[in-house]
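Beneath this line is the structure, given in structure tokens, with notes to follow.
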Amino acid sequence: MTINQRIKDLIKSKGMTQKAFAGSIGMAPESLSRILAGGKVSENVITAIVKLYNVNREWLETGSDELFNSTNKPNPPEMITNELKKHQTEIDDIKSRLRIIGRDMEHMYDMLNVITETVNRLSEMVEKKRTSA
């Protein structure tokens, strides 16, 4: 099996489209199509695949060893998800505070409308007294 076929297998194992995979490693879909059709695979492409998908370089280049590195290092989306989970309490607290601020602002807006209406009525009353005097 060639490196080209192993890249195809990797894409399939990730359940990705060729276009999405190409974008994830910073390459045009047309360039990936040429590779998958048997074209040369550059060192930059190999490095991007190895780093982004935690692929074993030896497997990618030669087919020996395991597909993924055994370090169980999560890929970037998993890392972001894990970090968000660590801070979920703080995130929930911020959301709660924002909801309270939103309700307070609605209440202040309503109060300002009442004050504006009261000032307008008082102004009309003062104007009537002035014109009738």
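Coordinate-derived values only; no laboratory data. Fair warning: this is a prediction, and the values are worked out from it, not measured in the lab. Don't worry about glycine lacking a Cβ; one is built from the backbone with ideal geometry, like all the others, and counts go over all protein chains shown.
Below, the figures for the structure above:
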item: Residue identified as within 30 Å of Phe21 (Cα to Cα) and either in contact with a Leu (Cβ under 8 Å, 6 or more places away or on another chain) or in a helix (DSSP H, G or I) (or both) among Met79, Met105; result: Met79
item: Qualifying positions in the stretch 1-46 - more than 28 Å from the chain's Cα centre (by Cα) and not in a helix (DSSP H, G or I); result: Met1, Thr2, Ala37, Gly38, Gly39, Lys40, Val41, Ser42
